[in-house]
There are 2 protein chains.
Amino acid sequence: MKSTTIVAAGQRVTDAGHRYSTGRQAVVRVLDGADRPLTTNEIAERGKKHGLVLSSVYRNLVVLESSGVVARVVGWDDSLRYELAEALTDHHHHHLVCVECGIVTDFEAPARLEKAMSQAVADVTSTMGFQVHNHRFDLEGICAKCRAAK
Amino acid sequence: MKSTTIVAAGQRVTDAGHRYSTGRQAVVRVLDGADRPLTTNEIAERGKKHGLVLSSVYRNLVVLESSGVVARVVGWDDSLRYELAEALTDHHHHHLVCVECGIVTDFEAPARLEKAMSQAVADVTSTMGFQVHNHRFDLEGICAKCRAAK
DNA sequence: TTTACTGCAAAGGGTTTGCAACATG
DNA sequence: CATGTTGCAAACCCTTTGCAGTAAA
């Protein structure tokens, strides 16, 4: 667990005019300690020892997202997943989405591909009037565990 | 509306061992007549004149998806969206996802980018034991309409 | 001390399901 | 005709919200 992350996150939250309560710190800690995006349930479960409750997880994620501390990750099923914002982790990555169990894991794309994607983003912005905030290059398929389970 | 699409879809449904009922045809017609992925509500709404009901839309989408006729499109909010499978339309494309209103629209990526993405897919398959079914290169941002509304 | 935040429980909204009637192959 | 499919309504589950008590600045 990187304490620098906890502090940097707090800076963003207070800058946005919110309090950096123990509950919010707990959410950040849980996400910082995870190696993949977590569902709201997983966050509440792992933060239970710090007194985290599901409804507060939901409310805190709203604040943390608008403060640029966490990012929503879209998976396959309809349950929401979150991870620390890349601005905090300095670790640009993409996702492998299992269409069987819904789990989302990380992977990095080659620099050459990132460059090509950036170019495409610029094109879309200029030709379609769509203001791009983020690109996602995600791969849908079957994870190793689900393949083995068949 | 391309009648060939309706027929080809029916072939896949019957090949998968299901009946090509009027309700399923209606779903295919609705999606074929749309220029973007539709939510379950939108499908039911547009198919109402053909006697489509929401619960049947849900049930039929399950069958149509497993038959390879429709594809689930993951947006921003939690409502599910569907479009005709690319195998039927011969039109590979990607999506612009508005994080404001949730609407999803289509765009095509340059061939050069598609090639780079295919390469990355091959790498992941061989190195991470993840069996890729589909890649998505989606752009999240604010659509022209939502920008204007501010 | 002021006011944002939390926990609890109840409400909300989209999705799924049981059952009897119906339509398809 | 045998059985897959539909409509309706109730059940479900995830997410949001009201309120009174608590903790942060």
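Secondary structure note: in the protein assembly as shown, about 85% of the DSSP beta bridges are antiparallel. When B:His50, A:His94, A:His135 are arranged by Cβ crowding within 10 Å, least crowded first, meaning fewest neighbours, the order is B:His50, A:His135, A:His94. Within the straight-line cut-off of under 18 Å between alpha carbons, the aspartates and glutamates reachable from B:Lys115 are A:Glu108, A:Glu114, A:Asp123, A:Asp138, A:Glu140, B:Glu86, B:Asp90, B:Asp123, B:Asp138, sequence neighbours fewer than 8 places apart in one chain being disregarded.
Only counting other Cβ atoms within 10 Å, I'd like A:Leu64, B:Leu54 sorted with the fewest neighbours first.
Fewest-to-most Cβ neighbours within 10 Å comes out as B:Leu54, A:Leu64.
Close amide H partners of B:Leu80, meaning residues 5 or more places away or on another chain with modelled amide H under 5 Å apart, are B:Thr40. Rounded to 0.05, the FRET efficiency of the B:Ala122 and B:Asn41 pair, given R0 = 45 Å and the Cβ-Cβ distance, is 0.75. Summing Cβ point charges (Lys, Arg +1; Asp, Glu -1) relative to the Cα centre of segment A:92-150 gives a dipole of roughly 180 debye. When cysteine pairs in chain A are screened for C-beta atoms closer than 4.7 angstrom, the residues that find no partner are A:Cys101, A:Cys146. Whole-Hz Karplus values for segment B:43-58 come out as 4, 4, 4, 6, x, 4, 5, 9, x, 6, 10, 3, 5, 6, 4, 4 Hz, taken residue by residue from phi with 6.51 cos²θ - 1.76 cosθ + 1.60 and θ = phi - 60°; glycine and proline positions read x.
Computed from the C-beta positions of A:Ala149 and B:Arg59, the FRET efficiency with R₀ = 25 Å rounds to 0.45. Summary of the geometry: segment A:32-77 and segment B:18-57, compared by the centres of their Cα atoms, lie 35 Å apart. A cut-off of 5 Å between modelled amide H atoms, ignoring neighbours fewer than 5 places along the same chain, links B:Asn134 with A:Glu140. For the protein assembly as shown, the dipole from Cβ point charges (+1 on Lys and Arg, -1 on Asp and Glu) about the Cα centre works out to 660 debye, to the nearest 20.
Can you give the percent of C-alpha pairs in the protein assembly as shown whose distance is more than 32 Å? The proportion of pairs with Cα distances above 32 Å equals 33 percent. A cut-off of 5 Å between modelled amide H atoms, ignoring neighbours fewer than 5 places along the same chain, links B:Ala85 with B:Val70, B:Ala71. Computed from backbone phi, the HN-Hα couplings of segment B:72-83 come to 6, 10, 8, x, 10, 6, 8, 7, 6, 10, 9, 9 Hz, rounded to whole numbers (Karplus: 6.51 cos²θ - 1.76 cosθ + 1.60, θ = phi - 60°; Gly and Pro given as x). Sorted from nearest, the other copies put their B:Ala16 label points 4.0 nm away, the label point being 7 Å from Cα in the direction of Cβ. Over all alpha-carbon pairs in segment B:20-105, figure out the percentage whose distance exceeds 15 Å. Beyond 15 Å sits 53 percent of the P(r) for segment B:20-105. Other residues within the sphere of radius under 13 Å centred on the Cβ of B:Gly141, judged by their own Cβ, net out at 0 (K and R +1, D and E -1).
Relative contact order, whole percent, for chain A stands at 19, derived from Cα pairs under 8 Å and 6 or more residues apart. Model label points for A:Ala34 and B:Asp78, set 7 angstrom from Cα along the Cα-to-Cβ axis, are 1.5 nm apart. For segment B:32-108, the set of GluC sites (Glu not before Pro) satisfying both a DSSP loop assignment and a count of at most 16 other C-beta atoms within 10 Å is given as B:Glu100, B:Glu108.
Listed by chain and number, the aspartates and glutamates placed with their C-alpha closer than 19 angstrom to that of A:Lys49 are A:Asp32; residues fewer than eight positions away on the same chain are left out.
Each residue of segment B:110-120 was assigned a 3J(HN,Hα) from its phi angle through the Karplus expression (A = 6.51, B = -1.76, C = 1.60, θ = phi - 60°), giving x, 4, 4, 5, 4, 5, 5, 5, 4, 4, 5 Hz with x at Gly and Pro.
Taken about its Cα centre, chain B carries a charge dipole of roughly 500 debye when the Cβ of each Lys and Arg holds +1 and the Cβ of each Asp and Glu holds -1.
Just so you know, all these numbers are worked out from the coordinates, no wet-lab data involved. Given the structure is predicted, the values throughout are model-derived calculations rather than measurements. With ideal geometry, Cβ positions are generated from the backbone for all residues, glycine too; neighbour counts draw on all protein chains shown.
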